[in-house]
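Step one of this worksheet: look at the structure below.
Rule-based calculations on the coordinates, nothing more; no lab input. All figures in this text were calculated on a predicted structure; none of them were measured in a lab. Here the Cβ positions follow ideal geometry from the backbone for every residue, glycine too, while neighbour counts run over all protein chains shown.
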Amino acid sequence: MVGMKSSHAYAAALTALLAFSVLPASAQEIEHHKNEKVKPPAPAPTVTQEMLTNAGSDAKQFLHTNLNYEQTRFYPGKQINASNVSKLRPAWIFQMDVRESLETSPIIVGNVMYVTTSFDHVYALNAKTGEEHWHYKHKMGPITTYCCGPNNRGVAVLGDKVYFATLDAKLVALDAKTGSLVWETEIADPELGYSETMAPTAVNGKILIGTNGGEYGIRGFFRAYDANNGKLVWNFDTIPENSVGVWETKDATGHDMHRDIAAEKAQLAKTGDPYKTLGGGVWQNAAVDLKLNRIYFVVGNPSPDLDGAPRPGDNLYTDSLVALDLNTGNYICHFQYIPHDVWDLDSVSPPILIDVKDKDGKTVPGVVHAGKTGYVYVNKRDDCSMIRFSEPMVAQENFWTLPTPEGARMLPGANGGVEWSPMAVNQRLNLAYAVNLHQPMTYQVQSSPYPDGKLWLGGAFKVIPGEEQFGNVSAVNYNTGKIKWKVTTPQPMMGGVLATAGDLVFTGEADGWFRAYNADSGKILWSFQAGAGVNAPPSAYAIDGKEYIVVGAGGNTQIDFKRGNNIIAFTLD
Amino acid sequence: MMSAKRSAQIAIAGIVAAFPLMPTAVSAASVEENAQICAGCHGENGVPQAKTTPIIWGQNEGYLYLQLRDYKSGARKNEQMSSVVAGLEKADFKALASHFAGLKWPSMNFPSPPKDVTKVALTAIGSVGCTSCHLDQFQGDGTTARLAGQQPEYLFDTMTAFRDGSRANNPGMSDLMKAVQPADLKSIAEYLASLQVVGGGQ
């Protein structure tokens, strides 16, 4: 635990700023002269489990990264709707100290909003006015190992604490009112390639968190920590000691993956099960089914990304949906979308729990997930088995061409399809909304031994100079798999979606546009130019009877979109 | 462009001239004493003696630590550096990394390359996605090196060494450099060297 305990948050933040002004993070910081007057605590109400459980019907607050435990990102308020959204205007803009990749999901508790930045700053803001209550800057250790931007996707809230995780692989609890440190615990050793960018999930006194590291030969995990003291409650290794599986030669959609099973079996006989360095990070939130007392999450790519030779077998449970018992972390079921992936096509977009039609038309509890493959997959919640997959949302070219030493072109590229971007659903329309990238890449394979926590790609994936790139917003009927509408965007899409009961869909674009779409037709109803890439998921809330939509505009490291440092809240005139 | 072999000879000459009696066990020494050894090649004022020796003042702490660790383990090979770190331990590496990360990166003012060179560099950089790790302005972070303002000859040599495998302590970088056309490396080096250093120990 770091010994930074201040009774007042601003003092803590100032101390941190002074102490770490020499860190590289300061390179991206903006000089910011502050009023040094002591500020009163943030008036954040205590977050009860009941509030978290019922978050899906709470139009005043936004209590989970993806709105509710089911991760529907469907906001129940309809004050802002298809008939008046054209009058949506900025209510306030808050400029943060860090101008770097911004992927935070704003969390709103009462009138207090929590947002995070790259390099792990946390802000508490007045959600009505945009004024700052406190600002906490994580004391970053010297060792951080991460591949795709110094991102942080936000906080979880429970009781009187705010929880977030850091690039140097720590889980941190702050006082929700003051921003002072309550406890901090090391999740894993960053020198071995572990880092954190995801927001945690708070449930039943536990804080749930996975890990990054699929590009560094980690052994992935998903964990529950005690919300009171940061002690480990349970650990689930996403890579079992027997990771071989059933030698499946096709992906979930029936495409032949051109595996050389004989060569893999020979490798297995020679080097054994590769589970210790097989990757399998979990870098987006789990969905929670409180009735079944289960969690559902998706597991990322195997290590090394593009070289399958040193990792024979299906590489369980990489690129899979996994369900665990919430109390114990015990395995319940899994479904692998891509066995023995050699294209870095992680499963990462957060799974959504909704009722779906099974193959016989019967309504059953389902799990909906969008892959980097560009498919929306619909699975059964009881045994994880797949019901259907959608039409592909992006073109598939040379699918599944194996990487070669010279480089083989394939679409989707390593960013997808759907990247980490969360989907939203509208259950009245049976639609899931996903944002996609159309970004062809060449995949080159190169073999190298496990490098002790260094970058381990097993080759390279290259954006092809001169090839057109773009994106799309797709609405997919999860009961039929058909695409209802699709809007092409000039740039690849990364960020996330919010749907509302006002029949709207909000999502942002890399060139700074933040737009509202008609949920049923895809017609663009409102647009706002934010000046930097809107590559973060929007949230919504209401104060004093007035609804707000809020989103971060800070661009993105991974696909190098224009950076900024703004949190922008919108409301009707 | 100077050959790697010739570069190494100059580096050896520099270090031998400065420290004819190379210490082999200095773990008990203070960080300042250990840092003095480094100054022989890396410069008393942060400006290295040779163009192929990297600037380490203001370099990122985690990166410096990993390189010292890797010289000790042999994962990164360099005769001089192996001798320097032979008597040092993990705590010494951390102290040295912290020490040098806190010093101000020297202003070398490498010139901006012509537009056509910059274009070649940006195309190659965009293709393999260098900014994913080295970040928007090539300042790096944590265990990823700051490239902006680094000596162009060192950058070229390093990319070449990653490419041909002679620098073997980051196979991911080797993979990425193998995906870059050799003819583009010089342009990348010149472009990166010309970029402004932000932060860098200050």
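What's the average, rounded to a whole number, of partner chain beta-carbon atoms within 10 Å of each residue's beta-carbon in A:137-143?
4
Between the range A:301-368 and the range A:221-286, how many Å separate their Cα centres?
So the separation of the two Cα centres works out to 10 Å.
Compactness ratio of the range A:116-272: Cα Rg over 2.2 N^0.38 Å, N = residue count?
Computed over Cα atoms of the range A:116-272, the ratio equals 1.30.
Rounded to whole Hz and in sequence order, give me ³J(HN,Hα) for the range A:117-129 from the Karplus expression 6.51 cos²θ - 1.76 cosθ + 1.60, θ = phi - 60°, writing x for Gly and Pro.
Computed from phi, the couplings for the range A:117-129 are 10, 4, 6, 6, 8, 10, 10, 10, 10, 6, 5, 8, 10 Hz.
Please identify which residues in the range B:136-171 have an amide N closer than 15 Å to a label point set 7 Å out from the Cα of B:Lys51, following the Cα→Cβ vector.
Residues passing the 15 Å test: B:150-158.
The range B:127-202 to the range A:137-170: how many Å between their Cα centroids?
26
What does the C-alpha gyration tensor say about the overall shape of the range A:242-304? Classify as rounded when a/c is under 1.5, otherwise prolate if a/b is larger than b/c, or oblate.
prolate
If you take the Cα atoms of the range B:52-182, find Rg, then find the Kirkwood Rh from the mean of 1/r over all pairs, what is Rg/Rh?
Here the Rg-to-Rh quotient is 0.97.
Kindly write out, for the range B:164-181 in residue order, the coupling ³J(HN,Hα) from the Karplus curve 6.51 cos²θ - 1.76 cosθ + 1.60 (θ = phi - 60°), rounded to whole Hz, with x marking Gly and Pro.
Listing the rounded values in order: 8, x, 5, 9, 10, 8, 8, x, x, 5, 4, 4, 5, 5, 5, 7, 9, 5 Hz.
Go through the range A:235-245 residue by residue and turn each phi into a ³J(HN,Hα) via Karplus (6.51, -1.76, 1.60, θ = phi - 60°); whole Hz please, and just put x for glycine and proline.
Each residue's phi maps through the Karplus curve to give 10, 10, 6, 6, 10, x, 5, 9, 9, 6, x Hz.
For a quick check: with amide H placed at 1.01 Å from N, whose amide H comes under 5 Å from A:Met493's, ignoring anything fewer than 5 positions away on the same chain?
Excluding prolines and chain starts, which carry no amide H, the hits are A:Asn436, A:Leu437, A:His438, A:Asn472.
Starting from the range A:228-331, pick out the GluC sites (Glu not before Pro) whose DSSP state is loop and whose Cβ has at most 12 other Cβ atoms within 10 Å.
Passing sites in the range A:228-331 are A:Glu241.
Could you state the orientation-averaged shadow area of the convex hull built on the Cα atoms of the range B:115-194, in nm² to one decimal?
One quarter of the hull surface, i.e. the mean projection, equals 4.7 nm².
Would you calculate the convex hull of the Cα atoms in the range A:432-573 and tell me its volume per residue in Å³?
Output value, Cα hull per residue: 170 Å³.
Among the lysines, which have Cα under 19 Å from the Cα of A:Lys161 when same-chain residues fewer than 8 positions away are ignored?
Cross-link targets: A:Lys5, A:Lys39, A:Lys137, A:Lys139, A:Lys170, A:Lys177, A:Lys206, A:Lys231.
For B:60-68, what's the mean count of beta carbons from other chains sitting within 10 Å of each residue's beta carbon?
Other-chain Cβ atoms within 10 Å of each residue's Cβ, averaged: 4.
Out of the trypsin sites (Lys or Arg not before Pro) in the range A:339-396, which ones are loop residues according to DSSP with at most 15 other C-beta atoms within 10 Å?
The qualifying sites are A:Lys359, A:Lys362.
Please compute the contact order of chain A in relative form: average sequence separation of alpha-carbon pairs under 8 Å and at least six residues apart, divided by the residue count, as a percent.
15
What percent do you get for the relative contact order of the range B:122-202 when only Cα pairs under 8 Å and 6+ apart count?
34
Once the Cα atoms of helix A:261-271 and of chain A are each reduced to a long axis, what angle between those two axes, in degrees from 0 to 90 to the nearest 10, is obtained?
Rounded to the nearest ten degrees, it is 70.
Go through A:128-140, A:277-289 and give me the packing order, highest mean Cβ count within 10 Å leading.
A:277-289, A:128-140
For A:Ile187, what residues show an amide H to amide H distance below 5 Å, using hydrogens built from the backbone and excluding near sequence neighbours?
It is A:Lys170, A:Leu171, by chain and number.
How long are the three semi-axes of the equivalent ellipsoid for the protein assembly as shown, computed from the Cα gyration tensor as the root of 5 times each eigenvalue, in whole Å, largest first?
So the equivalent ellipsoid measures 41, 31, 25 Å along its semi-axes.
A:Leu504's amide H: which non-local residues (gap 5+, or another chain) put their own amide H closer than 5 Å, with H modeled 1.01 Å from N in plane and none for Pro or chain starts?
A:Ala519
How many partner chain Cβ atoms sit within 10 Å of a residue's Cβ in peptide B:141-150, on average, as a whole number?
Taking all residues of B:141-150 together, the mean is 5.
Can you give the relative contact order of the range A:312-463 as a percent, counting alpha carbon pairs under 8 Å and 6+ residues apart?
In percent, rounded to a whole number, it is 17.
Mind checking the range A:257-317 for trypsin sites (Lys or Arg not before Pro) that DSSP puts in a loop (not H, G, I, E or B) and that have at most 16 other Cβ atoms within 10 Å?
A:Lys291
If one takes the longest principal axis of the Cα atoms in chain A, at what angle in degrees, from 0 to 90 and to the nearest 10, does the Cα axis of helix A:9-19 lie?
Once rounded, the angle reads 60 degrees.
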